[in-house]
Amino acid sequence: MLQAINLTKKYGKHVALSQLNLSIDKGEIFCLLGQNGAGKTTTINLFLGLIEPTSGEVLVNGIPVKPNNNKTTQMIAYIPEVVQLYGNLSGIDNLNFFSRLAGFRYANTELSIFLSKAGLQETAHHKKLSSYSKGMRQKVGIAIALSKNADYIFMDEPISGLDPKATIEFTKICKELSQDGTAIFMATHDIFNAVNVGTKIGIMKEGKLLHNTSTDSINATELQNLYLKTI
């Protein structure tokens, strides 16, 4: 389980995140909505251990998250809005490089399985990243997360800039990961995709989580109205 307990982050007098209490179980897809500056990225950075909280704590499977804590970083993976990969290397070579950085060594056949599971067509595995679309790069990012055997995957605006076909493919992959027990924390602006892919949805404003609801209890129109009233 991922947990935030009274989690607060301040920069001087500015409160970036205020008293966040949140739990995410394995297999859940939590979609966090909010305008720019609402605190979504700050929340992700605190879970990743990239910054320290002013007060409160973050737990991954009951273990406190601290900067450079290998125990928690081994259990999580991060896919940013723009996946930073090496354009002069192929998809499989990028995956090999980043999985080795995380301490894993795989044969090429195993690397190809990760890429295929992430939805990347086999014909692209050995092509240079410079020829990939954004959607294909996102799939390599997912494959890297899979190669880490991560229990939890954090995503920051993962469908921003994807075309409708790539968005549908990405949503399908997320649901498959969820069915396999992987939990996903997704910061997004896309209300309709959040309803489609998420199991839970949160709405954040000015560093506060004001709503946290199950997608079983709300449809896209209702969520849109709630979001507009909130922001």
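The values are calculated or read from the model by the stated rules, or taken from the named source; none is laboratory data. Quantities reported herein were computed from a predicted structural model and do not represent experimental measurements. Quick reminder, even Gly has a Cβ in these numbers, built from the backbone with ideal geometry, and neighbours come from all protein chains shown. In case anyone asks, the SASA skips ligands and DNA or RNA and just uses the protein heavy atoms, side chains included. Shrake-Rupley method; radii C 1.70, N 1.55, O 1.52, S 1.80 Å.
The table below lists the values:
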quantity	calculated
Positions within region 11-60 being part of a helix (DSSP H, G or I), open to solvent by 10 Å² or more (accessible area, probe 1.4 Å) and under 14 Å from residue 207 (Cα atoms), in sequence order	40, 41, 42, 45
Members of region 63-92 that are open to solvent by less than 70 Å² (accessible area, probe 1.4 Å), part of a helix (DSSP H, G or I) and of a type outside the set (Ser, Thr, Tyr)	91, 92
Residues (part of a helix (DSSP H, G or I), in contact (Cβ under 8 Å) with a residue 24 or more places away in the chain, farther than 18 Å from residue 163 by Cβ and not basic (Lys, Arg)) located in region 94-145	94, 95, 98, 99, 111, 114, 115, 129, 130, 143, 144, 145
Out of 127, 172, sole residue that is surrounded by fewer than 22 Cβ atoms within 10 Å (Cβ to Cβ) and at pLDDT 90 or above	127
Selection within region 42-58 - under 16 Å from residue 80 (Cα atoms) and of a type outside the set (Val, Ile, Thr)	45, 46, 47, 48, 49, 50
Selected residue (criterion: surrounded by the most Cβ atoms within 10 Å (Cβ to Cβ)) from residues of region 195-211 that are over 20 Å from residue 182 (Cα atoms) and in contact (Cβ under 8 Å) with a residue 60 or more places away in the chain	204
